Each structure stands twice: as structure tokens, then as C-alpha cells.
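Worksheet: the structure to be examined is printed underneath.
The values are calculated or read from the model by the stated rules, or taken from the named source; none is laboratory data. Bear in mind that the values here come from a model prediction, so they are computed numbers and not experimental data. Cβ atoms come from the backbone with ideal geometry, glycine included; neighbour counts cover every protein chain shown.
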Amino acid sequence: MELLFGQIINAILLGCTYTLVAIGFSLFFGVMDVVVFCAGDIAIFGAFSIMGAYTILASAGIFSVLPFTVAVFILLLVASILCASLGLLTYRFSVKPFENTSALMPLLSTIALGVVIKEVLGLVFQRVVNPLAKAAASGGEALAVQGGRNPQAMPVLIAPDGTITERNLIIIGVTLFLLLALFLFLNKTKIGLSMQAISQNKDLSRMIGINVNRIVILTFVIGGVLLAIGGFLVGSYNTIIRFDNGTMYGTKGFAAAVVGGLSNIYGAIVGGMLLAFVEVFVSGYIPNGTAYSSIIAFVVVVFFIVFKPEGIIGEKTVEKV
Amino acid sequence: MLKKSRKYSLLWLVVLMAALLIAAGCGGQDAGTGGDSEAPDVVKLGFLSPITGPNSAEGAAARNAFLMAIDAANASGEFPYTIEVIVIDDASKPEVGAAGAQQIVADEKVVAATGHWNSGVAEATIPIFKQAEIPLLIWGAIKEGLTSPENYPYITRSAPTAAQENEPLANILIKDMGYKKWFIVSDVTSYGEANTEVFTKILADMGCELLGTEKVQEGTVDFRPIIQKIKSSGATAVYFGGVVTEASLLKNQMHEAGMDDVLFAGISGIYSEDFLKIGAEAAEGALAIKPGIDPSKSPEGQKFLDDYAAGGYSEPVGAFTPYAYEAALILLNALKQCGDNPTPAAMVDAIKDSETTGIMGTTTFNEFGQTNNVAAYMLVVQDGKWVSFDESEYATGTRVLPQP
């Protein structure tokens, strides 16, 4: 029983990390009708921004001057700004130039951009002073490490003195809060409603006076911020980040979004959870199952696409003859 | 509408991406330092290691040590020719390693090669060296069978095999310390498979309980489902048969799950500064076996460590760095036996019959090219540092390892 409960918690946490990336895919797909494949890399870029900003600001003594939560908030702000800028760059250089071409073009260009982001992270974060996980909160000293392209320790910024259960609850809580905020934003604000209008019919939205360009740019900014926080949570959950983690999260997040229904952000939640539950339970209950967990998860994904191509929560698109 | 025909291309995309994910990794490039091939008085050696990619820290440190020995030999004036090294970065990928091996054997001045941190890469290059009849001395890949009657005499190995490394580990942990309930975690690489196979057999031979085996893909970041499984299996010790990235994540997440009462022991692949990076707290008490003898125990070994430190390299000495240095000494010794005009054929014989005393003891090779020099010692993480177990506070009883 304890095993089952533990595995359910594991699955929910893993599902949260997939969901946040999947929502990025859904948001971008909704307004631009393109698959922005570097969403996973943007998220990991967010995690690295936090780690980098932490390294700089912690050695500058920010944690001794400001209260812990304020300092963490500043770090999140820095990462959000950087990721929003990266979202804008993605839009400007990898999506917009291919607006009226085949959907494969932006797909390819965002895959390429993802490789660039990944490799740059690998190069930039080769030799950093990486403070020990709990160093900052308790005023400990920084530890110089050789990074290579090896994993970097993510600073513990979520409940540094709390238990792991508390930390996990905060991760789930923040994810729920983000989802709720996104729900309210999309349904209660003018910008959110405009986004939905654009995702349904871009030409008509333009005709009724929605500034489509502005809304699309805003979507990439909001998506960037969401991914930054997603990356922060992913990194905090795994305790370690590696420059190429984005590839895995991109693929899993995309698969989750597709299973759920690509143009529907609630589908991303369902898809993310489904993928995570399959993986965790294959790994946790089948002897020597871990080696096959990704394979089985993707078999499930393919199964869903074949028998429910519109996604679990997707609307059936009717072809007009 | 716009989205009508995309559903099917999405299917293909997911399949394609799943395949890409399995093959995921990072690109590497050659870091050739091949010099002027016109010079008549140059003899070349090939050196292969992963200088980029997941094992870059080990690979680059090995390269530094190897080049350090060769530079010293060139500077000593003992050789009537200049020794040049073709450094190949195999990025831990078999296909990249194979391409590098082709580059080495294509150079007519090459008389011998040494290399490999990854057993999988060694498997890919061995046929190339055999066919070109150029001797390959393996310094770091430990899978059984790389040295074999079929590969003899071209392939020799100065590093211990998985069995030669796992046996001393098992002797200490099982016979001396009494851990009987085991859980094995390894990765799906040749290295991981080799260790799992050997350790599983040892556990059966020593009458231990094996409560589960899990193999993970390289790049796995979430070990919690496995940890939950270990917890409910009642294992008192976890054996990790892979390399450092996954090991540090597993240990960290075990610590996080409050499982410090379960012993964590690993093969030399986890002995790295990177393992300590996860924080002294989580790494504390982890055990690793390290092949060879402790370099700091002998004057030659200490000189090597001092020279390496003086070299100002950014990569610290890893488990196999002394072996790469030793490989250079073995090749230099063989070169000396070959006189003024060494050839690959002469080097094959010179290496297999060589007897070299370096920083790791005296290396000779058995009837199929495997080193006879088998030694290993235990290390433990204490306050964020790898410490020789015999000198640690765990040995004196000041600190205690988890109950067996």
C-alpha cells in the first residue's frame, strides 16, 4: 500500500513536469498552428538561468541582504525575463519567417533552434562555480566544480530546510496554481479570450479587430514565462540539470500534448499525467521494467494517436468536402 | 480547415521523435592534433577517449595524463625520433570511435594505439585495429571479452576486466562487511550490462539474495519509481554498475527519500569528482572500488599526481587517469624494445611480451592479452571527498555505514 501510494505521488510529480512543457506546446500550437519543438530546451534554459543567476547573485550576497523568498522571487523574475526573451527570439527567427509556408518549416527551424540552445548551454556552463545545494540558505561556502557537459546541481530553492514531502507538495501546488492562473487568464481576460479566438480562426479574429500580431507575441512571452517556471520546477524536482535534458522533456512534453489533444491546454494535463503514470508504473511494478518504461510509454502514445487522433480532449476536426 | 491533415504527420513525428530520443546524445567532434606527416623522424601513436559527451571528465583527464607521459618522453631525449599522438575524441559513441580508429590506421606513421573508456566503443574499433594489424592497448574499458584468444595478440588491456574489478568489491562488501540483501541498478550500456552480469553471478556464488535488478537508459533523471521499489524490496545494499551521472542522481534521490540506511556501493565508473557535486550530504557514505593501487602510496605515483597537479589541467584525476598514464609507459617501454625503427608488427610483439613497472605496479599480459596486474582498493565518500576506505573514519568506527 505504501509502495502504491509512493508510486502515485511519483507519477503525479513526473506528470507535473511533463504537463508544464506540454502546455507550452499547446499554447504555441493554439495561436500559431505550429509545433514549437524547442519548448523543452526553453524550459531547461530557464532552469539554467536560475542556476546561473543564483551563482552570480548568491556570491554577491543577495541571500544575506534580502529575505529568502524575495531573493528566490528575484531569481524567478530573471529567469522569466530571459525565457520570455528567448520565446520572442523563437517567434521572431524560427516561427514568423515561415508563417505562410508548410508546417514542417517552423518545426524544423525550432528543432534546429533547440539544438542551438542545448549546445550553447553545454558550452556556457562548462566551468561555473556551482554552490552546494543548500549552501546559500545556510550561508555555506561555494564549491568550485568542473562541469564539462556533465550534470549541474540545481540549487535547492524550494523549502531548503523542509522535508522532501513538503518540497514535493510545493511543486504540485505551484503547478496547480499555474494551471489555475492560466485557466483564468484564458477565460476571464480580454487577451486570453483573444488568444482563444485566434486559435479558432485567425482570419476572422483579425476581421473583428483583434491585433493578431500583438497577441501572438504576447503568447510567446507568456509561454516563455510558463516554461521558465516549468524548468525551475523540473530542475528542483530532479535536483540535477543537464544541458541536454530539454530534448527528453521536449519529446515527452510534445507526446503528452498530442495525446491530450494538441490545441487544447487541458489535454496537455491529461496527456502529461497519462505518460507519467505509464512510465512510473511500468518501472515500479514490472521486474526489470525501467529499461522498457520509455518504450511502453511511447507505444501507448502511438496507440492513442491511431485510435484517437484528435487527442483525449481534442475536438474532432470535420473535413469539409 | 488548417489542421485537417496534420494528425497523421503528427503520428509519424511522435514515432520519429521516440526513435530520436532513444538515440539521443550529443554531438562530438574530433580533436585531432596530428602533426606534420612529412617529417621523416616521427613515430605516431593513436589515443582515443571521450573528450566530449557524458564521460568527458574521465576522457579528458586520461588524455592529459597520456600526453603528459609522451611529452616527458620526448623531452627526455631517450628516443631517436619524435613521438606524436593522434588524439581522437570518440564522444563515447561507437560510430565516432570507429571513424577515429579509421583515421588512426590510415596514417602510415602510426605504430600503436591505446584507448577507450567505453566498452561499446572498444567493441567497434577492435575489428579495425585487428584488420590493420596495429596493436591496441586498452586502458579503461572493462567489459569481459574485449581481450580474447581471437583478438590476441593485437588487443591487449592494462585495465582490469569487470570480473577483476567486481570480485574485490564483492569480497569486501559481502565477505568482510556482511551485506547479503542486494538490489542492482545499472545502465543499458555494454559497461552496465557487463557489471550487472558479473555481479549477479558473484551474488549467486556467495549465497546472497538478489531482490531486484533495474537497468536504466543513459540520461535517465527520475529514479524515484526504482527507489520506491528498492525500499519495498527490503534490500540492505544497492549496487550501482554504471557511470557517474546516473549514480549521482540515484544516490541523491535515495538520500532525498530518506534511504540513508541502505548502503550504496558502485563500480569504479562512479568514482569521479562529479559524484561529489551532488552535495556532501547526499554522497556521504557511498562506496566505490577503484582498480589499481593507490597512486599516492608510492613515490612514483605521488610524482605522477604532483606532475598532474602542476600541469594545471582543469579535469581532476579520475579512476582510470593513472591507467592512461600507465598505458603511455607501457607503449614507451615497447617502443624502446623496438629500436630505432619501430613498426606495428614489432610493436605487437613488444607490447604483449612487455613487463612494465609504472605507477600502478608491474604490468604483464596473460595468454590472451589481459593484464596480470590485478589490484583494487575501496574508497568512501567522507565530508564531500573520496577517501581511501582504510584511512577513513568509517574504518576506525568513528562513523558507521548502514547496517547489513
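Numbers at a glance
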| read-out | value |
| --- | --- |
| Residues located in segment B:225-245, provided they are under 17 Å from residue B:289 (Cβ atoms) and either outside any loop (DSSP other than H, G, I, E, B) or within 11 Å of another protein chain (Cβ to nearest Cβ) (or both) | B:237, B:238, B:239, B:240, B:243, B:244 |
| Residue match in segment B:167-189 (condition: of a type in the set (A, V, I, L, M, F, W, C), at pLDDT 90 or above and in a loop (DSSP other than H, G, I, E, B)) | yes |
| Residue match in segment A:202-213 (condition: buried (at least 20 other Cβ atoms within 10 Å of the Cβ) and without any contact (Cβ under 8 Å) to a residue 40 or more places away in the chain) | yes |
| Those helices (runs of 4 or more DSSP H) lying entirely in segment A:177-238 with at least 1 residues in contact with a Lys or Arg (Cβ under 6 Å, 6 or more places away or on another chain) | A:212-238 |
| Index of the failed condition, residue B:207 passing every other in (1) surrounded by fewer than 23 Cβ atoms within 10 Å (Cβ to Cβ); (2) free of Cβ contacts under 8 Å to residues at least 60 places away in the same chain; (3) in contact with a Pro (Cβ under 9 Å, 6 or more places away or on another chain) | (3) |
| Sole residue being at the interface with chain B (Cβ under 8 Å from one of its Cβ atoms), among the β-branched types (Val, Ile, Thr) and either under 21 Å from the mean Cα position of the chain (by Cα) or over 30 Å from residue B:247 (Cα atoms) (or both), chosen from A:302, A:225 | A:302 |
| Filter result for the condition that a residue is over 23 Å from residue B:185 (Cα atoms) and in a helix (DSSP H, G or I), over A:243, A:281, A:303 | A:303 |
| Hits in segment A:94-122 - residues which are farther than 19 Å from residue A:245 by Cα, β-branched (Val, Ile, Thr) and surrounded by 13 or more Cβ atoms within 10 Å (Cβ to Cβ) | A:95 |
| Conditions (1) in a helix (DSSP H, G or I); (2) touching a residue at least 40 places away in the same chain (Cβ under 8 Å); (3) touching a helix residue (DSSP H, G or I) at 6+ places or on another chain (Cβ under 7 Å); number of the one not met by residue A:53 | (2) |
| Index of the failed condition, residue B:145 passing every other in (1) part of a helix (DSSP H, G or I); (2) surrounded by fewer than 22 Cβ atoms within 10 Å (Cβ to Cβ); (3) not charged (D, E, K, R) | (1) |
| Test: residue in segment A:254-269 that is among the aromatic types (Phe, Trp, Tyr), assigned to a helix (DSSP H, G or I), crowded, with 24+ Cβ neighbours inside 10 Å and in contact (Cβ under 8 Å) with a residue 60 or more places away in the chain | yes |
| Residues being of a type in the set (Asp, Glu) and surrounded by 24 or more Cβ atoms within 10 Å (Cβ to Cβ) - total across segment B:265-298 | 1 |
| Unmet requirement for residue B:390, which otherwise passes all of (1) in contact (Cβ under 8 Å) with a residue 12 or more places away in the chain; (2) more than 23 Å from residue B:286 (Cα to Cα); (3) not basic (Lys, Arg) | (2) |
| Residue within segment A:39-48 that is part of a helix (DSSP H, G or I), surrounded by fewer than 19 Cβ atoms within 10 Å (Cβ to Cβ), touching a residue at least 12 places away in the same chain (Cβ under 8 Å) and within 14 Å of another protein chain (Cβ to nearest Cβ) present | no |
| Those residues of segment B:81-131 which are of a type in the set (Lys, Arg) and either more than 16 Å from residue B:189 (Cβ to Cβ) or outside the structural domain of residue B:54 (by TED's automatic domain parsing) (or both), in sequence order | B:109, B:130 |
| Odd one out for residue B:324 among (1) assigned to a helix (DSSP H, G or I); (2) closer than 24 Å to residue B:274 by Cα; (3) over 21 Å from the mean Cα position of the chain (by Cα); (4) aliphatic (A, V, I, L, M) | (3) |
| Within segment A:56-70, tally of residues that are free of Cβ contacts under 8 Å to residues at least 24 places away in the same chain and assigned to a helix (DSSP H, G or I) | 6 |
| Those strands (runs of 3 or more DSSP E) lying entirely in segment B:339-404 with at least 2 residues over 24 Å from residue B:45 (Cα atoms) | B:376-382, B:385-388 |
| Only listed residue being at pLDDT below 90 and surrounded by 24 or more Cβ atoms within 10 Å (Cβ to Cβ), chosen from A:21, A:31 | A:31 |
| Some residue of segment B:286-308 being within 14 Å of chain A (Cβ to nearest Cβ) and in contact with a Leu (Cβ under 8 Å, 6 or more places away or on another chain) | no |
| Of residues in segment B:81-119 being of a type in the set (S, T, N, Q) and under 22 Å from residue B:352 (Cβ atoms), the one modelled with the highest pLDDT | B:114 |
| Test for residue B:135: is it outside the structural domain of residue B:244 (by TED's automatic domain parsing), under 26 Å from residue B:189 (Cα atoms) and free of Cβ contacts under 8 Å to residues at least 24 places away in the same chain | no |
| Qualifying residue in segment B:254-268 (condition: in a helix (DSSP H, G or I), over 20 Å from residue A:153 (Cα atoms) and out of contact with any helix residue (DSSP H, G or I) (no Cβ under 9 Å at 6 or more places or on another chain)) | no |
| Test: residue in segment B:201-214 that is under 21 Å from residue A:7 (Cα atoms), within 10 Å of chain A (Cβ to nearest Cβ) and assigned to a helix (DSSP H, G or I) | no |
| Pair list, Cβ < 6 Å and 6+ apart or interchain, from segment B:97-118 residues that are within 14 Å of residue B:133 (Cα to Cα) to residues that are of a type in the set (S, T, N, Q) and in a helix (DSSP H, G or I) | B:101/B:125 |
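Residue-wise test of (1) under 25 Å from residue B:276 (Cβ atoms); (2) modelled with pLDDT of 90 or more.
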residue: A:84; (1), (2): no, yes
residue: A:90; (1), (2): no, yes
residue: A:93; (1), (2): no, yes
residue: A:99; (1), (2): no, no
residue: A:104; (1), (2): no, no
residue: A:109; (1), (2): no, yes
residue: A:112; (1), (2): no, yes
residue: A:119; (1), (2): no, no
residue: A:131; (1), (2): yes, no
